[in-house]
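The values are calculated or read from the model by the stated rules, or taken from the named source; none is laboratory data. Keep in mind that this is a model prediction, so the values were computed, not measured. Cβ sites come from the backbone with ideal geometry, for glycine too, and all protein chains shown count toward neighbours. Note: areas computed on protein heavy atoms with side chains; ligands, DNA, RNA excluded. Shrake-Rupley method; radii C 1.70, N 1.55, O 1.52, S 1.80 Å.
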Amino acid sequence: MSEQTQMDTLAYSSRMLSWAPLGKFLFVIAVLIVNIMTSSMLVPFVTLAIGLILMAYSTNFKIPFFVGLALAEALLILAIGAGIISITGDKADPAIWDTNLLWFDIYMTADSFNKAWLILFRGVAGMSVMLAFATSTPIPHLSQALRQIRMPREVSELVVLIYRYGFLLLERMESMWDAAHCRMGFNGFMNTMKTTASIAVGIFTSSSNMADKAQIALDCRNYQGFFPVYNSPPKVGVKWIAFTAAVFVLIYLFGIHTEGWINMAKLFFGEAI
């Protein structure tokens, strides 16, 4: 089963499929915005809880392998970025850790350490909410929902085309990767680097040919510039807007009243700061 089929199957089997796509999108955007509006360490945990509850209800935490791999890479990048932030503090503040490691000037302060953890928590929480939305909303439903807010048809259909075309490129890359692996293209570090570079160049140069073939396939299927959706998803109503606004206000007030409750620097370094 291809990656696109896995995502479509997962979205169409979600318990949240009958929810208004625009309502879900509005709710997710509101939660993501309020997640970064306060400096409370507890708000990201509330956001993470919302994302995990939605994922559990939607798909019972069923995630395709390639999505899990992308999440692992994103978490690694997020952790590295947070680590860099933690060791690049303001030298006007007292240092928790001040040293030179190779060509790096490490200067960690309580503020930079807390900021790094806050960014890490916010990133993880935001990914959980976005994943809950992505695994419960088919792209045709999202395209149809964008029309409800008077989005130009060309923009909404472009979203669908990019989604489909992206998976075509991914399938082509997997084919080239398997072919190189069968020919011992990844035997050794240098061969791995050369093979990976060749695959990247091959994907770039063949993308135009794939676009031409995809256009021919669309023309053969009488593509008129839009993808019809015969079972239109529900429209967003006043209840969705009121519920989203209420959740936004509650989380924001919670964040305002819990700022400073958790100090990661004190938890790790105690009285040393």
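Test of understanding: what is the full-extension gain from residue 169 to residue 269, defined as 0.36 nm times their sequence separation minus their Cα-Cα distance?
Extending this stretch completely gives an extra 31.2 nm.
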> How large is ³J(HN,Hα) for each residue in segment 84-89, as worked out from phi by the Karplus curve 6.51 cos²θ - 1.76 cosθ + 1.60 (θ = phi - 60°), to whole Hz, x for Gly and Pro?
Replying inline: 5, 4, 5, 9, 10, x
> With the other protein chains left in place, how much accessible area per residue, in square angstrom, belongs to the chain at a 1.4 angstrom probe?
Replying inline: 60
> For residue 96, which sequence-distant residues (separation of 5 or more, or a different chain) have an amide H within less than 5 Å of its own amide H, given hydrogens modelled in the peptide plane?
Replying inline: 108, 109, 110
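Is the shape of segment 93-195 rounded, prolate or oblate, going by the alpha carbon gyration tensor and its root eigenvalues a ≥ b ≥ c, with a/c under 1.5 for rounded and a/b larger than b/c for prolate?
Numbers: a/c = 3.42, a/b = 1.24, b/c = 2.76.
Cα axes put segment 93-195 in the oblate bin.
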> Rounded, prolate or oblate: which one fits segment 2-83, using the alpha carbon gyration tensor with axes a ≥ b ≥ c (rounded when a/c is under 1.5, else prolate when a/b beats b/c, else oblate)?
Replying inline: oblate
> So for the pair residue 214, residue 90, with labels modelled 7 Å out along Cα→Cβ, what separation do we get in nm?
Replying inline: 4.7
>> What is the percent carbon and sulfur in the accessible area of the chain, measuring with a 1.4 Å probe over the protein chains and ignoring ligands?
In response: 68
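Which value at 222 nm does the chain reach when only helices count, each DSSP H run of 4 or more adding -39,500 (n - 2.57), with the total divided by all residues and rounded to the nearest 500 deg cm²/dmol? Spell out each step's value before the answer.
Details: 10 runs with 188 residues, N = 273.
Value at 222 nm, helices only: -23500 deg cm²/dmol.
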>> Please compute the length gained on full extension between residue 198 and residue 247, using 0.36 nm multiplied by the number of residues separating them and subtracting their Cα-Cα distance.
In response: 12.7 nm
> Residue-wise, which Karplus ³J(HN,Hα) couplings in Hz belong to segment 17-30, taking 6.51 cos²θ - 1.76 cosθ + 1.60, θ = phi - 60°, and x for glycine or proline?
Replying inline: 4, 7, 6, 4, x, 5, x, 4, 5, 4, 5, 5, 4, 5
> Once the principal axes of the Cα atoms of the chain are found, what is the range along each, listed largest first in whole angstroms?
Replying inline: 71, 59, 32
> Can you give me the Cα centroid spacing of segment 155-197 and segment 99-153 in angstrom?
Replying inline: 25
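What's the extension gain from residue 181 to residue 256 if we count 0.36 nm per residue and subtract their Cα-Cα distance? Mind showing how you got there, number by number?
On the way: separation 75, 0.36 × 75 = 27.00 nm, distance 5.38 nm.
My answer for the length gained is 21.6 nm.
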> Which is farthest toward the positive dipole end of the chain among 33, 236, 182, measuring Cα position about the Cα centre, with Cβ charges +1 (Lys, Arg) and -1 (Asp, Glu)?
Replying inline: 236
> In percent, how large is the relative contact order of segment 153-231, given Cα pairs closer than 8 Å and 6 or more residues apart?
Replying inline: 45
> Highest GNM mean-square fluctuation, the chain, Cα pairs closer than 10 Å: which of 231, 35, 60?
Replying inline: 231
> What list of ³J(HN,Hα) couplings, whole Hz, do you get for segment 148-158 from phi and the Karplus terms 6.51, -1.76, 1.60, once you set θ to phi - 60° and write x for glycine and proline?
Replying inline: 5, 9, 6, 6, x, 4, 4, 5, 5, 6, 5
> In Å and whole numbers, how far do the C-alpha atoms of segment 125-252 stretch along each principal axis, longest first?
Replying inline: 59, 43, 20
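If you only keep lysine pairs separated by 8 or more in sequence, or across chains, how many in the chain come under 24 Å at the Cα atoms?
Numbers: 24/62; 24/235; 24/239; 91/115; 91/266; 115/266.
For the chain, qualifying lysine pairs total 6.
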